[in-house]
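Laboratory data are not the source of any read-out in this text; all were calculated from the coordinates shown. Fair warning: this is a prediction, and the values are worked out from it, not measured in the lab. Quick reminder, even Gly has a Cβ in these numbers, built from the backbone with ideal geometry, and neighbours come from all protein chains shown.
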Amino acid sequence: MPMRERFVTRILLMTAGLIIWAAHLGFVYGLNALACTFDFARLELFGMALNTLTIGVVTLIALGAELLVLSFAVAGRGAMGFGGEEQLRFMGPITATLAGLSAVAVLWQGLPVLVVPACTGAGG
Amino acid sequence: MFTGGALIFLLVIGLTVLTIILPQERRRWLAQQNVVIAGGIVFPVAVLSLLLGYGFFVTRGHVGAEEPTLRIEVIGEQWWWRVRYLDESGGVRFATANEIRVPAGEPVEFILKSADVIHSFWVPSLAGKLDMVPGKVNTYTFSADKPGVYRGQCAEYCGAQHALMAFYLVAMEPGSFDAWAAGQADPAWDRVAAELKYGRDLFIANGCGACHTVRGTPATGDLGPDLTHVGGRLSIGAGTLPTNIGTLAGWISSTQHVKPGVSMPSFGNLESRDLRAIAAYLESLE
Amino acid sequence: MVAFSHLSLASQERDRPRFQLLQLLRGKGIERPRRSTVGLHHWQLSVAGSIGLGTRRAEYPFGQVPAPDTGDCLANGTAGKPLLFAATRSRISSAVHSLFGFCNVYVLLMPIVLAACNDADAPEEQRVLEGDAEAGRAAIAEVECGVCHRIPGVAGANGIVGPPLDSFGRRQLIAGVLPNRPGVLVRWVSDAPSLVPNTGMPQMPLDKKQARDVAAYLYTLR
Amino acid sequence: MTQTDNRTERAAPDRELPNSTPRPEGELEELERVWKPPSGWNYITVVNNTYIGVFYVGTAFLFFILAGVLALIMRTQLAVPENDLVGEDLYNQLFTMHGTIMMFLFAVPAVEAMGVYLLPNMQAARDLPFPRLSAYAFWAYFVGGLVFFSSIFFGLAPKGGWFMYPPLTSYEFSPGINADFWLLGIGFIEISAIAGAIEIIVGVLRTRAPGQSLDKLPIYAWTMLIFAGMIVFAFPAVILATALLELERAFQWPFFVAEKGGSPLLWQHLFWFFGHPEVYIIFLPAAGFVSMIIPTVAQTPLVAYRLVVVALLATGFFSFGLWVHHMFTTGLPQLSLSFFSAASMAVSIPSGIQVFAWIATLAAGRIRLNTPALFVLGFLFTFVLGGLTGVMVAMVPFDWQVHDTYFVVAHFHYVLFGGMVFPLFAAFYYWIPTASARPLSERLGRWVFGLIFIGFNTAFFPMHITGLIGMPRRVYTYPAELGWNTLNMISTVGAFMIAAGVLLFLVDLIRNFRPFTNKSPGNVWNAGTLEWLPSGNYQTRSIPIVTSREPLWDQPNLPEDVEAGRYFLPGAPTGGRETIVTSPINATPQYVVQMPGPSWPTVLAAVFTAAFFLGLTVKLVIPAVICGLLAIAMVMLWLWDTDPGPTVDQVDIGGGLRLPAYVTGPSSHSWWAMVVLILVGGTLFTTLIFSYFFLWTVNPGAWPPGSVELPSLGWPAVAAALYASSSGAIWLASGFLKRRKRNGPWWSVRLLLLVAFPLMAGGLAVDLFGQWQTGLRPEEHSYGAVVYTVIGVQGLYVVALTLMAFYTIARSLAGMLDGVRRVTFDNTMLFWHYMTAQGLVGLAVIHFFPRLIG
């Protein structure tokens, strides 16, 4: 029986960027939905709307995480646990590219909070 | 956006054609991973970022509408529109149906509700659509800049007669709008003509008042459209037919044929003369 | 005569006055026009007939007495036009009566006039009316005659309230009561109750021109 | 990833071949005998993927034609304004059925069926790991689908639109059984799709040619892996949605009734959480076809293979972030819409990557404009256009204008017809030589392409304009004076052109398609992947070692060596059907799996399952229950001989490799399938918990509603203890089982299973009774409805586990369970622990959350 491949770990690592993206989307969507339902969107902290601030901070954290995955995949190959050299050559760049794409997607998801009001429905 | 889309489309198709017609050595530059990165990642990220940013600002533009000068509650029902003009305190000034008149150039807030299933309120020439969802109140503020008649249509499939659920939005000069609104608030005209009185009596005697209201008469039903000024509306059957005595008569006599499934039964039992009289009466309610 | 006899079946309540027109027709005993009659075409007789009818006053159920409207027969008579256009819907001035003379003259002249200006393939009735069938179809669509009638060639005209109008150009009777003649038809489409007071068909918002157009279209349905 | 990379891999020296020739006499005959499909009446019990795959694709194509005919009727109706060819009732059934059939009975099954047919061939496996499951999925779909379709002949077809929005589809506004046909019929076909997806995931990951590691996997296998993964996470949402709506219709549990605390938007969330990924579920395999066909027609490897894999993975994820995209006009907060607008933009990047990878590949090679190539080019043209309009509708303000208009109809036909049907036709022309004794006609093929391509654009391009000038979708008639007439007439003409093209394709099929003959025209396109190896019912004579992505191009003599039996497993050493199971990343051979052959119970189980659901639909409850029980019995019968145990100890597959013929535990393919099934269950439960919270946000001040008291905490405590102890009993039993070798006394294991069952059932009963005694009733308010549904889902698992427990006991009584031969027990155990975990989460949410917010 050959050495165990740690398939689940590797797949999770490979798609880590996308998983962070999904978590970010779930969080900001959920938060905004709750903020509008329970009307705490207007609460303010340091002069900024609370949920705007939270979404902004969470976006920054998610971006940081994406960059972390990216830099790990690019530089710290050994630490990624990809196993053999061949798999590393294949999965490492995929991990990095996915993290990069996810970072763009997270950024896009985070930006509207600066422009679009939180709770108004369509057409005002 | 369409131009940009067309350009991108032409670019992609053009490149594909090039790969087929160019000799191999002149298209080798296309056959590398960097082209995929440039065309598949860098280019779309740049274009989409711009587009998305633009979209956010347009979205915000839609939100920051001015204070409305008029508030109209529109309730989608299978398959017609109940329209209520509200006063400052939110009370109902008057009700009408399947036709919305607004003063041109003034922002109007539409308060959109549903009485049964999901409908969607849409006047294509004036604004995008917004759904009417049971248990939810959506509001939408927009204005019609130029006087005119704009057709509206239910945009969310709502059952058998979704296709025949339209309305007209009439933008009027503010002055004539006020006159119209005042007229609408009045009860139904009571004409002296014998024929019309005869028609009105038949309207009541046939039980039309169980579902319809004609203010100023014993007809106070709330299930169907308010008919107090039906003769002055552009259409009957929710944009299905133009209002004239003939269509009114045909509608009353064969609703289930003209618009199968509507709540109103066909009054095919009415005698020809009576049918005509009721139609004439309704036509006179301007 | 024979042609009218079945109409009595339609009369469910004879004690009411609504079949007066029918009685009237019977009493007068108008001959059913026949092609063979002294070289006159049936439309000529029928127009004359409609004029004759129009002078009788049918009792309107609501007490109003609509004046007869006969203008259509002189459709292309320049002298008649101003007056005719003044006469809207069915309630027109009795001045029209004075036109009868002209009418008859024009009617007799018409074959000559029309032969000069119309394409010979078209049914004669259309030529007489000088209506524009295409405009008629548009008018039918606009006022939605189709809500009550099935009308070939008009989108969505599949009503079941009134009779279907297939082959209308070959129908012998209008509403089962009146002879199917251009003059009658033109008046019928805009003001049916003045001809048959108990009809379900109301006065329709068609002006003279439109009425002629509509009639012209109906005659294309052969 | 780069060209050079690929070349180095290709240059790898050939290893010495595992088996020597000549092969022993009778080996090939034995292989043929083992894999021969049954004859006579038993023919329909066939399970070989090459047969089931062809039946499956054929049935899917039949539904394409049927739904296409419905579309033609609709187009004829709309050709002229105010037409009365069909009335509103029939028309509304037509478009509902057209959409439903195209999505659920054509598109998903078609690509899944292509996977069943192609994957083992591409991976040089003898069959998919669960052949009877494929057969079951096919027959259930075949019977259920045909009955579902025939509802339109009786005017009983659903008419709520293919996304069936309540309240229109609920009991109040859709009395009668039309909507039930949709809910039960489709819910059940989804289950069949999930069965297929589990099969495909395990098949792609575990039954590959040795050496076909993840980086050498054909792109098509990647797409199918992601396709199946997406099904696992998307379909449970719609299964839950249909279950909730059916509960509402049948028992008035008010999930979607606004007056009783429900929300119509809950349906939309659940439906589109499935519905948007669904589009990509359909598109990805089709993109896989394209990524296979383009390298062949250009005779060069795919450029940027790794980026294409990136694109596929990214699509698989991003497409789940788009569901609100379909709800832009429902009046949700602007900012929420913006998030989804952003995600909609993000998902278009992977498509861009793929498009440019295809262009680069075409540029690298020299295209031969044969029929598959034409269809692929047609696909590129159409799909790019559809993708661009897709970006447009992702813009919120633009969507407000075109949502629910013919613009959207045009858009999604460009994406779906362009993105899936064109590639499917390309795939038909491309792969039919592997299935048929004759390839299809190139001459007819060009005509087919021309008619379909021109017809398609004639039909659908004008719809963009029709929509922009205001024509809403789903209208059975339209007024003449709105300026839509000419455009609609053009569209209708185009639709008939498509029909002519499809008809011509059928002619081509009748003339040239000769399946199941074991004769083959060979590698007609000079393709590079394994499905073009010479094959028989047993697939390839021997299972090759793969050292490149296009082994047929890079490994000289591969076809000859494979056919001569010089590679692995050239015979049937266990005397039955078997294939090599490999490790998921490096594709190292791990063991030889013995696979079941044809069986009647599989077919009957499918028929009875279909009958059960259809019986419920038409309210024949007692016959339905009988069929349901028979279906369960048949499933057990079919499973009975699928755990053969180690009949032989080890199998020599050649090259000195001796593999075990039986494994248990985490490296067993069966274990993997159970894990995937649990993922399905977990997703279903997660969406149910989402529904719970969503309904709470609809009733923020009344959760639970005013008059309802929460049960005291003793109830959930006892229930949790019972669940946990039942799992503990199973855990103990597992330990006892491990210590036994063979044929020892099994009473400890049996007793523990017998004890675990009442503990589990007791947990459920306590939980249920705890709620009931407070007076909470499901039909009064959405709170009660969702609480009882959480318990009900748990109840379903308890029932399933009861059956599994008794099945396991029965196997132990029959002497078919021991410390080695324990796959059955392991599966039961895994599922049992999952049930306990889910029960505990459910209890925690239902009992603690209201206290937390109260």
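Just a few scattered comments:
- Straight-line cross-link reach from D:Lys619 at under 28 Å between alpha-carbon atoms covers these lysines, not counting any fewer than eight positions away in the same chain: D:Lys159, D:Lys260.
- Amide H within-cut-off set for D:Thr582, under 5 Å, with H built and near neighbours excluded: D:Thr207, D:Arg208, D:Gln590
- Cα gyration tensor shape of chain D, rounded if a/c is under 1.5, else prolate or oblate by comparing a/b with b/c: oblate
- For q = 0.25 Å⁻¹, Debye-computed log10 I/I(0) when each Cα of the stretch B:2-63 counts as one equal scatterer: -1.09
- Spread of Cα-to-Cα distances over 10 Å intervals beginning at zero, given as percent, for the stretch D:28-83: 20, 27, 20, 14, 11, 6, 2
- Sparse-neighbour loop sites [chymotrypsin sites (Phe, Trp or Tyr not before Pro); the stretch D:784-833; at most 11 other C-beta within 10 Å; DSSP]: none
- Stokes-Einstein D for the protein assembly as shown, Kirkwood Rh over Cα pairs, 25 °C, 0.890 mPa s (µm²/s): 68 µm²/s
- For the stretch D:250-306, the relative contact order is 14 percent, taking Cα pairs closer than 8 Å that sit 6 or more residues apart in sequence and dividing their mean separation by the residue count.
- Between amide H atoms placed 1.01 Å from N, distances below 5 Å from B:Leu169 occur with B:Ile100, B:Tyr150, B:Arg151, B:Gly152, all of them 5 or more places distant or on a separate chain.
- A Stokes-Einstein calculation at 4 °C with viscosity 1.567 mPa s, built on the Kirkwood radius of the stretch D:151-215 over Cα pairs, returns a diffusion coefficient of 89 µm²/s.
- Gyration tensor verdict on the stretch D:27-512 (Cα atoms; rounded if a/c is under 1.5, prolate if a/b is larger than b/c, oblate otherwise): rounded
- Calculated log₁₀ intensity ratio I(q)/I(0) where the Debye formula runs over C-alpha points of the stretch B:1-144, q = 0.10, 0.13, 0.14 Å⁻¹: -0.57, -0.72, -0.77
- Under the Debye formula (equal points on every Cα, no solvent term), log10 I(q)/I(0) of the stretch B:194-284 at q = 0.13, 0.17, 0.21 Å⁻¹: -0.36, -0.64, -1.04
- Estimated vicinal HN-Hα couplings, Hz - the stretch D:441-448 in sequence order (Karplus 6.51, -1.76, 1.60; Gly, Pro = x): 7, 5, 5, 4, x, 5, 5, 4
- Centroid-to-centroid separation of the stretch D:115-170 and the stretch D:706-729 [C-alpha atoms, Å]: 39 Å
- Spatial separation of Cα centroids for the stretch D:758-781 and the stretch B:142-216, in angstrom: 53 Å
- A simple rule links phi to the HN-Hα coupling: the Karplus curve 6.51 cos²θ - 1.76 cosθ + 1.60 with θ = phi - 60°, which for the stretch D:135-142 gives 4, 4, 4, 5, 5, 4, 5, 4 Hz, with x for Gly and Pro.
- Exposed-loop-free span, longest in chain D, where trypsin sites (Lys or Arg not before Pro) count as exposed if DSSP calls them loop and at most 11 other C-beta atoms lie within 10 Å: D:16-518
- Fraction of antiparallel bridges per DSSP, the protein assembly as shown only, in percent to nearest 5: 80 percent
- For the stretch C:149-182 and the stretch B:1-69, distance of Cα centres in Å: 59 Å
- Dipole magnitude for chain D: computed about the Cα centre from +1 point charges on Lys and Arg Cβ and -1 point charges on Asp and Glu Cβ, it is near 1280 debye.
- Sorted by Cβ neighbour density within 10 Å, fewest at the top, the residues D:Phe64, D:Phe356, D:Phe154: D:Phe154, D:Phe64, D:Phe356
- Stokes-Einstein translational diffusion, the stretch D:761-806 - Kirkwood Rh over all Cα pairs, 1.306 mPa s, 10 °C, in µm²/s: 142 µm²/s
- Amide H to amide H, with H built 1.01 Å from N, B:Thr139 comes under 5 Å of B:Leu112, counting only residues 5 or more places away or on other chains.
- Neighbour-limited loop hits for GluC sites (Glu not before Pro), the stretch B:4-73 (at most 13 other Cβ within 10 Å; DSSP other than H, G, I, E, B): B:Glu66
- Derived scalar couplings between HN and Hα for the stretch A:14-30 equal 4, 9, 4, x, 5, 5, 4, 4, 4, 4, 4, 4, x, 5, 5, 5, x Hz in order, rounded to whole Hz, by the Karplus curve 6.51 cos²θ - 1.76 cosθ + 1.60 (θ = phi - 60°), x for Gly and Pro.
- Taking every alpha-carbon pair in the stretch B:70-176 and binning the separations at 5 Å intervals from zero gives 3, 13, 24, 28, 19, 9, 3, 0 percent.
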